[in-house]
1. Which order do the peptides 15-24, 156-165 come out in when sorted by mean C-beta neighbours inside 10 angstrom, highest first?
2. For segment 26-92, what is the convex hull volume of the alpha-carbon atoms per residue, in Å³?
3. For segment 12-166, what is the percent of antiparallel DSSP beta bridges, rounded to the nearest 5?
4. Would you mind computing Rg(Cα) / (2.2 N^0.38 Å) for segment 104-145, counting N as its residues?
5. Taking a temperature of 25 °C and a viscosity of 0.890 mPa s, what whole-number D in µm²/s does Stokes-Einstein yield for segment 194-247 with Rh from Kirkwood over alpha carbon pairs?
6. Taking the Cα-to-Cβ direction at residue 96 and at residue 243 and moving 7 Å from each Cα, how far apart do the two end points lie in nm?
7. Along the Cα→Cβ direction, 7 angstrom out, place labels at residue 47 and residue 122. What is the inter-label distance in nm?
8. Can you order the peptides 40-46, 110-116 by their average number of other Cβ atoms within 10 Å per residue, highest first?
């Protein structure tokens, strides 16, 4: 059911079904979707609201737009919507058009999923559209400029005329305080200093098999020491942790 602040409205499932019906109406009036098979479904108790193109195994199967009932609940919650569509309303200034209301949020969600469908249909053959990339954003702005969100908002208002769906969400609602989580402090051993060596120092060090190598320090790095091995070209060198290096005795 809805949160306690809207107790007399229909169930969340009913509102999601009405939103699905509005989506069907919007697609019928959209030239890009003419002749395209689109399945719009409502899933109970899930957040997942998405567009999915036909599967590769069934390239001529239906396109799918899913509306999750938990997404609908999220649009009715007092704190500002933090889903992608809610952020788009603030980023593009659509909040100024209707105000940050549950009905406006839901209308923008529907247009958002339709934009995914249109972006997929317009893509060049064999190419893939980034989920929220430039091509999708261009389609989304175009649909809003053509008044698709206003049409969705008006149709939702006709189906559910309750004025509480048009009450602006207060931006000053206090969010629950987050519980502080104590993190274990990572204890690390002191890193051996590389300043104990300078270029030109004769050194020796073991490899992973325990064999000793002899060479000369070429360069001192922040964490390792570059060493040129005896008998090797100057263009080849080892990067050795300073804890493994030892000065050659007698030199």
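What follows is calculated from the coordinates using simple rules that are stated; it is not laboratory data. Keep in mind that this is a model prediction, so the values were computed, not measured. Quick reminder, even Gly has a Cβ in these numbers, built from the backbone with ideal geometry, and neighbours come from all protein chains shown.
1. Put in order of decreasing packing, that is 15-24, 156-165.
2. Hull volume over Cα atoms, normalised by residue count, gives 126 Å³.
3. Rounded to the nearest five, the antiparallel share is 35 percent.
4. 1.14
5. It comes out at roughly 226 µm²/s.
6. 6.0
7. In this crude spin-label approximation the distance works out to 2.9 nm.
8. Those peptides, ordered most packed to least, come out 110-116, 40-46.
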